[in-house]
Amino acid sequence: MIGGVKTGSLLRQAVPLRAAALLTGLLVLHGNSSAAIPSAMPFGQLVQVIDTDEREDHADISVQFSCSVRYISNMPISHGSSTLITLRLGPDCGSLLNAFPPEFPLVGGGGKLVTGARVESFVPGEVRLELTWARELDFVMAPTATGLGLRVRLIGTSHRRATVLLSDVEAPQGYAVNLESSSTNFERSAVEAAASSLKTQAYVSETDIEDTHWFRLRVGPFSTRAEAQRVLQIALAGYPRAWLAVDDEQTDLSVVERAGVPSTADTGPTDPALPDDQRAQLLRDARTALEKHQYPEAVDLLSRLLRQPEYPARADAQELLGLVRERAGQLAQAKAEYEAYLRRYSDRPGAERVRGRLQALVAASLTPKSTGEFGARIDKRWTMAGSAALTYQYGRNQTVAAGTTTTTTSVNAALVYGDLLLRDRGERYDFTARVDAGYTQNLVKTFGGSQDRTTAAYVELTDHNWGVTGRVGRQSLASLGVIGLFDGLFVGYQVNSKFSVSAAAGLPAYTSYSSFSTHEKFGTVTVEYGPFRQNWVFDAYFFDETAAGATERRSVGFQTRYSESGRTAVILTDYDVAFRQLNSVTLIGNLKVGEHWILGFDADYRRSPLLQLINALVGQTAPDLRTLALSLTPSEIRQLALDRTATSETFVISASRPLGERWQFMVDVSALELSGTPASPGTTGNPPAIPPTPAVAATPSTGLDKNIAVQMSGLSLLQANDLHIFGVRFDDSPTTRSTTLSWDARFALPGAWRFGPRFSVEELNDRTLGGKQWLYLPQLRGDWTGRRSIFELIGGYQLQQQQAVQQQAITGQPQPGALSQRSLYISAAYRLRF
């Protein structure tokens, strides 16, 4: 519920309302507002759906928002077990001075790859979306052309292997004590001294944090937290920076690094050398056999190559044989092949990739469910996975103005969400059925009735021999041109390991609250080409949508994504061929400079809102395009849509670096400008049978809004494994200037509990009012995390004090005025995975 309006009906008209918000709410852009806070806790979820589409060697994650957001940055940028994405809310998200309640979006798709998602707000006007993976992975992300979505590609996931290994089993947990960390290796004497003083096993592990290689002097491992805590207390006397490490050994590289030192050559039998062209043909034939899932043939071809004397491409054959064994379910043999690669080719560029695959096999530590024979069936073909969540939200506001106190309940609702996936994995065919739905019980009847929502309801069939996937029903799609959810059909064809083509058609569903509708229809075709093992990926699409028989949007788009260790780049363009206008162009990049610095930039130009024919309804009394067509010609409607669509330009530069192993520094500087829109004349309705149309006034540009934000995060400052994030932000626009200070902390409590206090304060100077606003946001959070469930309780308080200069109604003389608003909100959430 937002301002007493049903979320379903509000979001169903998302396109015209986004435009209306831009035209009537320019002063609230980027957290600068002269209006009172309508609600301390806006009803409804910012994240509509997070969906995972897992493929053979990568996974696409699509995130759909209920209002427009601007991508600012993410840390880490391209590698790790999680990433924290900073987003700036658009003006259609409501008052940006609101305290934004945390969210725990369900991650659809039924896989174990994406283990968690969390949305939080550190400062007004910004949110942070944290996505967590099951293990360390390479990834690259980009916003969509619409500004309502985000795409993340996880690289090197080896989907079918991961499904066999991680199904229905939790990763083991262990404890160790980290004594010291250094960018250089420890001497043998330091290891022996640690073992002697603490009377336990000591060792050195290696890991990468934010692209920096660290050596850790450790003792352990310990099977219980109590034992690890006991050793930690003793160790602090001699190692004051010691801290507790929980379940992170599976990402360390100690075992693999020792295995990767130069060693003697393999002593296996050697065949007579073949000509280079014959060996190249054997390798091509092996790759073809792998793509067709002809594993025995691939093993035979690669084994012949490995019996050859050393030659340049032998390393590729060694790695490919490990991959074939892995895809066939022969996990022990795959591990042996990867270890052989690292013994012999530790200095090759592919060593890091092979090391990652070996890490995944070692971390899983599970007995494979297949018999290890080629073509053998998995014991349990049918699998079921899912999750459920229950959230209760309550908010209450008290406003004091001109001596009058008004108290209202801003929200009182229970939200229930669930996701269920059934899957049958066969030798050739995979069948999937999925339902992701929810229900919102609004306990305040004056705000409207209850609502149900559906984010997914489809069936899918994949033929691995042909590389074809078909899906029908309500679904989301990680395709560049699609707007949000849709009801319809998707077909994808994997031509080979580098090239794929897909098509979709159906009825757009702008939000999960949208019902089945035939007023708008769309079709789209997307091609993807990844020539260099997912380092370079090229996407192109054609998108066509009609509304009431007229072309709503017809656009072509292109995206290039580049990612490798230390640098990423994304270029996205969208051009509307019907309007002959550039809809958006985005350039995002990150680069590691020197040993520690990571620089990022984001340059974005786009139509705001997305250029569509329905934008012509902004400011009009006509309820739809059919009615408007009774008064205006098609060309006049097109011009009206252009007039009502502003343009925005955004530029962000960011820099970050670790300061030791405990501290992280980050700064970003951004600038944004939203253009004005011209006035549109009305019509008188001549002859009288033709309805008149009202004139729409021009809107001014917001001017250049400049922003700088600095953040410092520290680990293990007051206790082992605590986290502190300190932030300061300055914002300056032609009408307002603000300063925000924030502090967020997380502390570990006994058991699986965590406690998190948070506080921010903002001073806002509004030149149009001639006064100040002070905003105070204290919050307390506690959560309990189990193996398959999480419970969180949050309580927050918001205080806004506003001083302004107002004119007297009778004399017209200026006089000071004041407004005070207090808001209390509570949120309780429980989520279960099964």
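Which residues, taken from region 655-669, are closer than 11 Å to LEU599 by Cβ and either among the β-branched types (Val, Ile, Thr) or modelled with pLDDT of 90 or more (or both)? Hits for region 655-669 are ALA655, VAL667.
Under the condition of being aliphatic (A, V, I, L, M) and in a strand (DSSP E or B), which residue from region 449-477 is farthest from GLN45 (Cα to Cα)?
Residues of region 449-477 aliphatic (A, V, I, L, M): 456-457, 459, 461, 468, 472, 477.
From what is left, the residues that are in a strand (DSSP E or B) are 456-457, 459, 461, 468, 472.
Values: ALA456: 16, ALA457: 19, VAL459: 26, LEU461: 31, VAL468: 34, VAL472: 26 Å.
Out of the qualifying residues, it is VAL468.
Looking only at residues that are farther than 19 Å from PRO102 by Cα and surrounded by 16 or more Cβ atoms within 10 Å (Cβ to Cβ) in region 786-802, which one is modelled with the lowest pLDDT? Among residues in region 786-802 that are farther than 19 Å from PRO102 by Cα and surrounded by 16 or more Cβ atoms within 10 Å (Cβ to Cβ), the one modelled with the lowest pLDDT is GLN802.
So in region 526-539, with the set limited to residues that are surrounded by fewer than 17 Cβ atoms within 10 Å (Cβ to Cβ) and of a type outside the set (Ser, Thr, Tyr), which one is modelled with the lowest pLDDT?
ARG533
Condition test on SER584, is it touching a residue at least 12 places away in the same chain (Cβ under 8 Å), in a loop (DSSP other than H, G, I, E, B) and not β-branched (Val, Ile, Thr)? Here the answer is no, as SER584 does not meet what is asked.
With respect to (1) more than 28 Å from PRO76 (Cα to Cα); (2) of a type in the set (A, V, I, L, M); (3) modelled with pLDDT under 90, the lone exception for LEU591 is condition (1). Can you find even one residue in region 661-680 that is surrounded by 18 or more Cβ atoms within 10 Å (Cβ to Cβ), under 20 Å from ASN74 (Cβ atoms), hydroxyl-bearing (Ser, Thr, Tyr) and touching a residue at least 60 places away in the same chain (Cβ under 8 Å)? Yes, there is a match, as at least one residue in region 661-680 is surrounded by 18 or more Cβ atoms within 10 Å (Cβ to Cβ), under 20 Å from ASN74 (Cβ atoms), hydroxyl-bearing (Ser, Thr, Tyr) and touching a residue at least 60 places away in the same chain (Cβ under 8 Å). From the list PHE499, PHE558, PHE542, the one residue that fits, being open to solvent by 20 Å² or more (accessible area, probe 1.4 Å) and within 22 Å of the chain's Cα centre (by Cα), is PHE558. Of the residues making up region 179-195, those that are closer than 17 Å to LEU236 by Cβ and of a type outside the set (A, V, I, L, M) are GLU180, SER181.
One residue stands out in region 729-780 among those that are surrounded by fewer than 17 Cβ atoms within 10 Å (Cβ to Cβ) and among the β-branched types (Val, Ile, Thr): the one that is nearest to SER820 (Cα to Cα), namely VAL761. So is ALA505 small (Gly, Ala, Ser), in contact with a Leu (Cβ under 8 Å, 6 or more places away or on another chain) and modelled with pLDDT of 80 or more or not? Against the criterion (small (Gly, Ala, Ser), in contact with a Leu (Cβ under 8 Å, 6 or more places away or on another chain) and modelled with pLDDT of 80 or more), ALA505 qualifies. With the condition kept exactly as written, say whether any residue in region 174-191 is part of a loop (DSSP other than H, G, I, E, B), at pLDDT 80 or above and among the charged types (D, E, K, R). Yes, the conditions are met somewhere in region 174-191. Would you please name the residue that is most open to solvent (accessible area, probe 1.4 Å), looking only at residues in region 613-654 that are within 14 Å of ALA679 (Cα to Cα) and part of a loop (DSSP other than H, G, I, E, B)? Looking at residues that are within 14 Å of ALA679 (Cα to Cα) and part of a loop (DSSP other than H, G, I, E, B), I get GLY619. Here the condition is being part of a strand (DSSP E or B), touching a Ser or Thr at 6+ places or on another chain (Cβ under 9 Å) and touching a residue at least 60 places away in the same chain (Cβ under 8 Å); of LEU775, LEU793, it holds for LEU775 alone. What's the number of the only condition in (1) open to solvent by 50 Å² or more (accessible area, probe 1.4 Å); (2) under 30 Å from ILE794 (Cα atoms); (3) assigned to a strand (DSSP E or B); (4) touching a residue at least 24 places away in the same chain (Cβ under 8 Å) that LYS706 fails to meet? Answer for LYS706: the failing condition is (2).
Inspect region 571-582 for any residue being among the charged types (D, E, K, R) and within 21 Å of ASN74 (Cα to Cα) and give the result as yes or no. No, the conditions are met nowhere in region 571-582.
So that you can scan it fast, the table gives a plain yes or no per residue for (1) within 30 Å of GLN494 (Cα to Cα); (2) under 22 Å from the mean Cα position of the chain (by Cα):
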position	(1), (2)
THR408	no, no
ASN412	no, no
ARG425	yes, no
PHE431	yes, no
ASN465	yes, no
VAL472	yes, no
GLN475	yes, yes
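I'd like the residue in region 467-496 that is closer than 18 Å to GLN559 by Cβ and open to solvent by 20 Å² or more (accessible area, probe 1.4 Å) and, out of all such residues, is modelled with the lowest pLDDT. Going through the qualifying residues, I end up with ALA478.
The values are calculated or read from the model by the stated rules, or taken from the named source; none is laboratory data. Note that the structure is a prediction, hence the values are computed from the model and not measured. Methodologically, a virtual Cβ is constructed for each residue, glycine included, from the backbone with ideal geometry; neighbour enumeration extends over all protein chains shown. Surface accessibility is based on the protein's heavy atoms, side chains included, excluding ligands, DNA and RNA. Shrake-Rupley method; radii C 1.70, N 1.55, O 1.52, S 1.80 Å.
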